[in-house]
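Heads up: the structure comes next, in structure tokens.
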Amino acid sequence: MKYFLFLVLTFLSSESMASGEETYKAVCSNCHATGLNKAPMVGDKKQWAKLIKEGQAHITSDGYYGVGAMPPKGGKPDITVAEFSSAVVYMANLSGANWKEPDEVMLKDINKRITKKLSKS
Ligand code: HEC
């Protein structure tokens, strides 16, 4: 019974949150697969090396908040920080990074940085 419940919950939680790949394909690839407006192109290791060096929490919070020609949340207002973060991991790992899906500590760090940016604006 416990095992069954676990399966149901796993199914429900994976249903409600889009995977990094899904989010990337639906939202981010418009710009990041083509380099539109100089968006760092997925797979371009040279372009991504600098971003990867800046770090996961840093560039995820920048992107979610919006930076340069990058619209806040990639232009999708209802995207969650967790979904956005997964998409960043998906993109970075195709471009030379070896990042993990954000755990609670990483999400906390990302959220803190976003809150800080919001409080300054
Ligand atoms: C309308 C085009 C567009 C869409 C859609 C878009 N991006 Fe971007 N993104 C950009 C551009 C342009 C930059 C470069 C911004 C700069 O550095 O001036 C960028 C930069 C970034 C960066 C690097 C931020 C940094 O610190 O320099 C990340 C991470 C990122 N995008 C993630 C995403 C994710 C994840 C999505 C989808 C949820 C997404 N983007 C959707 C245009 C877009």
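The values are calculated or read from the model by the stated rules, or taken from the named source; none is laboratory data. These numbers come from a predicted model, not from an experiment. For neighbour counting, all protein chains shown are included, and Cβ atoms are generated from backbone atoms with ideal geometry for every residue, glycine included. Ligands, DNA and RNA are stripped out before the accessible areas are found, and what is left, the full protein with its side chains, is counted by its heavy atoms. Shrake-Rupley method; radii C 1.70, N 1.55, O 1.52, S 1.80 Å.
Below is a table of values for the structure above.
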read-out: Span-rule helices in the chain, defined as complete DSSP H runs reaching 20 Å or more along the axis (Cα) with Kyte mean at least -1.0; value: 2-16, 104-120
read-out: Heavy atoms of LYS117 accessible to a 1.4 Å probe, total area in Å² rounded to 10; value: 60 Å²
read-out: Of all accessible heavy-atom area on the chain, the percent that carbon and sulfur account for (1.4 Å); value: 61 percent
read-out: Label point distance in nm, GLU101-THR34, each placed 7 Å from Cα along Cα→Cβ; value: 3.1 nm
read-out: Radius 13 Å from Cβ of GLU21, net charge of other residues (Lys, Arg +1; Asp, Glu -1); value: -2
read-out: Area accessible to solvent at MET17, 1.4 Å probe radius, in Å²; value: 70 Å²
read-out: The chain: relative contact order as a whole-number percent, Cα under 8 Å and 6+ apart; value: 29 percent
read-out: Pairs beyond 19 Å (Cα-Cα), from LYS38/LYS116; LYS25/LYS76; LYS73/LYS117; LYS25/LYS117; LYS53/LYS100; value: LYS38/LYS116; LYS25/LYS117
read-out: In nm, spacing of pseudo-spin labels at ASP78 and THR115 (7 Å Cα→C-beta vector); value: 2.6 nm
read-out: Solvent-accessible area of LEU94 with every protein chain in place, 1.4 Å probe, in Å² to the nearest 10; value: 90 Å²
read-out: Protein-only accessible surface order, largest first, of HIS32, HIS58 at 1.4 Å; value: HIS58, HIS32
read-out: If the convex hull is drawn through the Cα atoms of segment 10-121, its volume per residue in Å³; value: 103 Å³
